[in-house]
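To start, the structure itself, in structure tokens.
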């Protein structure tokens, strides 16, 4: 069983994974990690990833059955401490197979992959999909737009997978037109703004395919390879995946062979997450009449102000249209009067002053009901994000509470 770990973790975060997963061995190359791991668990066998088996016996691993645990992937921890999602041999295979089929992935494809391999976007999608299709992948450590564009051309890549932050930086690069040679660009892990989708189509000739999945399920939904790729939507269920929504705006429930078997050592969490035989994603979505799914936020991110529901995504989409706003994130902060206040954290365009709360309320008033308008605006240099570009909202709330 493999437990991939985020290379950016600090000692307390690493200690949480070690204490939770109870690994028997660790292969590491990060500076200082070997000593830190030995201090955390003196029984842990720690070695470098540079393993040379030439000239020695090659150990034979017992063949694992389809239901055997294969990988424990830790969730991104955007709402709390990360939990280990256990995938079996079968669920990993099913997850890779669904996208290979849906995206017409073949042995002729070459993927440029600069996503981290500790996360299922890079590992379960990019690497496993490549291996199953028999294609090839060009691995890059980290993301640099110049290096990505060089590699796309020099390595004759046909596919690129990225998060919205990467696509923003590529769209701003003067050589963005060189992406036009790609047959498939996939975006996920966070919403891709509809304006950015249209900009890449206009400036690079790239019709980005947006998809949706979770650590626990791998990929669930995707815009079609051959049909309409709809900006603002994550598409339709992948082959073998069932999706259920109980209401106009409701939590996404999923089941299929790609769904994980449970959280490592957390049976109480399993009972809640897998109630009724469906995985409860915690994500809220709407579905169009023709079956396209749009993610509107997280159930735990729902803001209830004065007894009325506000979804952060709908407010954020309006605020980022303001000419002074480069990025925005919205969350609910405890309020004695309203239960929760709608608070907006704003990153401004370079050289521009942050709009006042009155400015933003006036700007958004034509698009949002009055109770959805922010009551406070916080000017920040950057939004707290995890390695996949998702905003870590509990850190925003902590700054509001302490401020």
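Residue by residue, here is whether (1) within 25 Å of residue 299 (Cα to Cα); (2) assigned to a loop (DSSP other than H, G, I, E, B); (3) touching a strand residue (DSSP E or B) at 6+ places or on another chain (Cβ under 8 Å) holds:
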residue	(1), (2), (3)
190	yes, yes, yes
198	no, no, no
203	no, no, no
206	no, yes, yes
211	yes, no, yes
216	yes, yes, yes
221	yes, no, yes
228	no, yes, no
- If you check every pair at least six apart or on different chains, which have Cβ atoms under 6 Å apart with a residue in region 263-287 that is over 26 Å from residue 311 (Cα atoms) first and a residue that is assigned to a helix (DSSP H, G or I) second? 263/269; 263/270
- Mind listing whichever residues of region 252-272 are farther than 23 Å from residue 209 by Cα and under 19 Å from the mean Cα position of the chain (by Cα)? 260, 263
- Message: For the list (1) over 27 Å from residue 68 (Cα atoms); (2) in contact with a helix residue (DSSP H, G or I) (Cβ under 8 Å, 6 or more places away or on another chain); (3) modelled with pLDDT of 90 or more, I need the number of the one condition that residue 35 fails.
- Response: (2)
- Query: Out of the residues in region 303-313 that are touching a helix residue (DSSP H, G or I) at 6+ places or on another chain (Cβ under 8 Å) and under 28 Å from residue 229 (Cα atoms), which is modelled with the lowest pLDDT?
  - Reply: 311
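The values are calculated or read from the model by the stated rules, or taken from the named source; none is laboratory data. Keep in mind that what you see is a predicted model, and the values were worked out from it rather than measured. Don't worry about glycine lacking a Cβ; one is built from the backbone with ideal geometry, like all the others, and counts go over all protein chains shown.
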